[in-house]
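The values are calculated or read from the model by the stated rules, or taken from the named source; none is laboratory data. As the structure is a prediction and not an experimental result, all values here were calculated from the model. Glycine also receives a Cβ, built like all others from the backbone with ideal geometry; neighbour counts cover every protein chain displayed.
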Amino acid sequence: MEMNRLRFLGALCAAALFSITAGCSRVEESPVSDGDPSFPEGSLSANEDIHFDNSRYIYSLLSPKEQEYYDIIRDAAMDFRDYAVFPEAVDPDTLRKVYISVYYQEEDIFWLSSMFYRPAADSDSLMLTYRFDREECEPLINAVEEKTREILDSIDVNSSDYEKLKAFHDYLVLNCSFSKDTKYANTIYGSLCDGFAQCEGYAFAFDYLCSKAGIDCFTVSGTNSDGDAHAWNMVRLEDMWYNVDCTWDDPILSPHDEDFIRYYYFLTADSDIIGVTHFPDSNNYYAYPICTSTENYYKRDGYFADSAEEGVNLLGKAAADALQIGRKDAAVRFSDERAYKSAVSRLWDSGEIKQVLQFANNNSDFKVNSDKHVRYLNDDELIIHISMIYQ
């Protein structure tokens, strides 16, 4: 990506992260306490297998010296050391930047605490603390590795990167539920294995799976339009960058619907969400890529309409396609507000939704009630979404 296609949207900063209903954990900052560095012997048996390649996007934006400090912090955290020790004194702001980079990019070191202990002055060591101890982590790492292999093995080896991203997105949406209160909510273990996570856990897991598949991705921290902290991803596909928010594609519904899935925030352009619903932190640590491509899920899968007529017809096709694979959700996105509002009126004011559902029944082996459904309208993204009810 050329630098003129980048913009400073902000650092992976020490700010709170947010899920749909409540804030995620913070990377808190505290003065460092006194103490001598200690170096526990040994390392976890699974660490080498699970660890990432350092050629990823955020790491590549660090200077050579910052990469050296990054490696030192990462390796110390891998071994549960009480301190990361550097070859020379490093200023506190650089240590903060590098620590945050490690925390947000090294999702495999999920035991690393979000607490950054800021030295009072230039220092050749940095205190590290942990969420979980070494003994607790070993079975968790083994479970993550097993689950990761299961997810990757379920994807055809000939799948495109787009198909892999969609599979990762769908797995998290369908197998993880939002929770801010569980012990592992901010970790890849929580989202992949425990089945409960908040936004940080969703974003970390999506990033982790992408890394395992060799796809560039990183976690973005910021806020929503209410100023509450939130986290999502940026991912590179076909040399273009996109936003992905698995948390917001997995809403909390009442009554609960474990099969519900949507793609409102899967492969979105900045123009769709940045400055509208998602606001990245702006400490100017890194140059984030500009996500300009509009080749979102709806365009790629053929559910994007330029007119009300086309949209109504495509909703019928989307419904039939969903039923054919045993799903009950169908959605269409529109290119402009006029077409969107006209389609909404035709479907529910003029009753054309019944013909849409009848078309789906006539073109699928599965049958749904043509008189009942659940309607979801996204006025910001111009998306009509229905959940069908099986007969």
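Under the condition of being closer than 21 Å to Glu295 by Cα and in a loop (DSSP other than H, G, I, E, B), the residues counted in segment 231-259 number 7.
Residue-wise test of (1) small (Gly, Ala, Ser); (2) assigned by TED's automatic domain parsing to the domain that holds Ala84; (3) over 19 Å from the mean Cα position of the chain (by Cα).
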{"position": "Glu106", "(1), (2), (3)": "no, yes, no"}
{"position": "Asp161", "(1), (2), (3)": "no, no, no"}
{"position": "Phe168", "(1), (2), (3)": "no, no, no"}
{"position": "Leu172", "(1), (2), (3)": "no, no, no"}
{"position": "Ala185", "(1), (2), (3)": "yes, no, no"}
{"position": "Ser191", "(1), (2), (3)": "yes, no, no"}
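Name the one entry in Asp349, Asp321, Asp306 that is touching a helix residue (DSSP H, G or I) at 6+ places or on another chain (Cβ under 8 Å) and acidic (Asp, Glu). Walk me through how you get there before you give the answer.
Working: Asp349 fails: touching a helix residue (DSSP H, G or I) at 6+ places or on another chain (Cβ under 8 Å); Asp321 fails: touching a helix residue (DSSP H, G or I) at 6+ places or on another chain (Cβ under 8 Å).
The unique qualifying residue is Asp306.
One residue stands out among those in segment 52-78 that are part of a loop (DSSP other than H, G, I, E, B) and surrounded by fewer than 16 Cβ atoms within 10 Å (Cβ to Cβ): the one that is modelled with the lowest pLDDT, which is Asn54.
Right, Ser177: in the same structural domain as Ala77 (by TED's automatic domain parsing), touching a strand residue (DSSP E or B) at 6+ places or on another chain (Cβ under 7 Å) and touching a residue at least 40 places away in the same chain (Cβ under 8 Å) or not?
Numbers: in the same structural domain as Ala77 (by TED's automatic domain parsing): no; touching a strand residue (DSSP E or B) at 6+ places or on another chain (Cβ under 7 Å): yes; touching a residue at least 40 places away in the same chain (Cβ under 8 Å): yes.
In short, no.
Would you call Glu163 without any contact (Cβ under 8 Å) to a residue 60 or more places away in the chain and not in a loop (DSSP other than H, G, I, E, B)? The answer is yes for Glu163. Residues in segment 307-349 that are over 26 Å from Lys372 (Cβ atoms) and either assigned by TED's automatic domain parsing to the domain that holds Lys166 or under 29 Å from the mean Cα position of the chain (by Cα) (or both): Ser335, Asp336, Glu337.
In summary, Ser282 fulfils each of the numbered conditions (1) touching a Leu at 6+ places or on another chain (Cβ under 9 Å); (2) in the same structural domain as Glu381 (by TED's automatic domain parsing); (3) small (Gly, Ala, Ser) with the single exception of condition (2).
Is it true that some residue in segment 214-225 is in contact with a Pro (Cβ under 6 Å, 6 or more places away or on another chain) and not hydroxyl-bearing (Ser, Thr, Tyr)? Yes; the residues of segment 214-225 include at least one that is in contact with a Pro (Cβ under 6 Å, 6 or more places away or on another chain) and not hydroxyl-bearing (Ser, Thr, Tyr). The one condition from (1) in a loop (DSSP other than H, G, I, E, B); (2) out of contact with any helix residue (DSSP H, G or I) (no Cβ under 7 Å at 6 or more places or on another chain); (3) among the hydroxyl-bearing types (Ser, Thr, Tyr) that Thr182 does not meet is (2). Scan segment 137-160 residue by residue and report those that are touching a residue at least 24 places away in the same chain (Cβ under 8 Å) and not hydrophobic (A, V, I, L, M, F, W, C). Those that are touching a residue at least 24 places away in the same chain (Cβ under 8 Å) and not hydrophobic (A, V, I, L, M, F, W, C): Glu138, Asn142, Glu145, Lys147, Thr148.
Tell me whether segment 96-118 contains one or more residues that are surrounded by 19 or more Cβ atoms within 10 Å (Cβ to Cβ), aliphatic (A, V, I, L, M) and under 21 Å from Phe266 (Cβ atoms). No, because not a single residue in segment 96-118 is surrounded by 19 or more Cβ atoms within 10 Å (Cβ to Cβ), aliphatic (A, V, I, L, M) and under 21 Å from Phe266 (Cβ atoms).
Mind checking which residues of segment 145-160 are out of contact with any Asp or Glu (no Cβ under 8 Å at 6 or more places or on another chain) and either of a type in the set (Ser, Thr, Tyr) or part of a helix (DSSP H, G or I) (or both)? Spell out the reasoning first.
Taking segment 145-160 as the starting set, the residues that turn out to be out of contact with any Asp or Glu (no Cβ under 8 Å at 6 or more places or on another chain) are 146-154, 157-160.
Listed by number, the residues that qualify are Glu146, Lys147, Thr148, Arg149, Glu150, Ile151, Leu152, Asp153, Ser154, Ser159, Ser160.
Looking for whichever is over 18 Å from Glu381 (Cβ atoms) and either surrounded by fewer than 22 Cβ atoms within 10 Å (Cβ to Cβ) or touching a His at 6+ places or on another chain (Cβ under 8 Å) (or both) here; the options are Gly275, Gly227. Which one fits?
On the way: Gly275 fails: over 18 Å from Glu381 (Cβ atoms).
Among Gly275, Gly227, only Gly227 is over 18 Å from Glu381 (Cβ atoms) and either surrounded by fewer than 22 Cβ atoms within 10 Å (Cβ to Cβ) or touching a His at 6+ places or on another chain (Cβ under 8 Å) (or both).
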